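A quick write-up on the structure given underneath.
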Amino acid sequence: QVQLVESGGGLVQAGGSLRLSCAASGIPFSLMPMGWYRQVPGKERDVVARILSGGSTDYVDSVKGRFTISRDNAKNTMYLQMYSLKPEDTAVYYCNRVNNPYNTWGQGTQVTVAS
């Protein structure tokens with residue numbers, strides 16, 4: 001049974017930092033290309049960062065240089081370190097496999113950046 005549990009969100013001031021975690025179970029985590037998605041009300045859920053099983057990463061332009069995605073395959077956990085946060089980063093953040101997300105999504109973690 002797929003389970004994805006996101007945590008680490010919160011309320012921060014612009015310019016602040018947060019570290020999100022994603023604990024995965026029920027999947028062959030170490031073999032999966034994984035990603036962080038974010039969603040704001042009324043818009044689609046979009047990938048902002050992804051990491052392949054071998055550790056290669058890429059980011060959407062809006063977060064490049066500010067966000068760092070990483071994974072610990074021994075712990076079946078993925079992270080998103082976010083620096084220099086901006087109000088436009090405010091969203092609910094989710095983790096899932098990229099390219100072909102699992103149907104089961106976690107509850108997400110809310111990130112709110114105050115200006």
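Just to be sure before I move on: is ASN76 in contact with a helix residue (DSSP H, G or I) (Cβ under 9 Å, 6 or more places away or on another chain) and at positive phi in the structure I sent? Criteria met by ASN76.
Applying the set (1) open to solvent by 60 Å² or more (accessible area, probe 1.4 Å); (2) of a type in the set (A, V, I, L, M, F, W, C); (3) in a loop (DSSP other than H, G, I, E, B) to LEU85 leaves exactly one unmet item: (1). For GLY35, the requirement of being out of contact with any helix residue (DSSP H, G or I) (no Cβ under 7 Å at 6 or more places or on another chain) and free of Cβ contacts under 8 Å to residues at least 60 places away in the same chain is not met.
Restricting attention to segment 100-115, report how many residues are surrounded by fewer than 12 Cβ atoms within 10 Å (Cβ to Cβ) and out of contact with any helix residue (DSSP H, G or I) (no Cβ under 8 Å at 6 or more places or on another chain). Qualifying residue count, segment 100-115: 3.
The values are calculated or read from the model by the stated rules, or taken from the named source; none is laboratory data. Keep in mind it's a predicted model, so treat the numbers as computed, not measured. Glycine also receives a Cβ, built like all others from the backbone with ideal geometry; neighbour counts cover every protein chain displayed. Quick note on the areas: whole protein, heavy atoms, side chains included, nothing else; ligands and nucleic acids left out. Shrake-Rupley method; radii C 1.70, N 1.55, O 1.52, S 1.80 Å.
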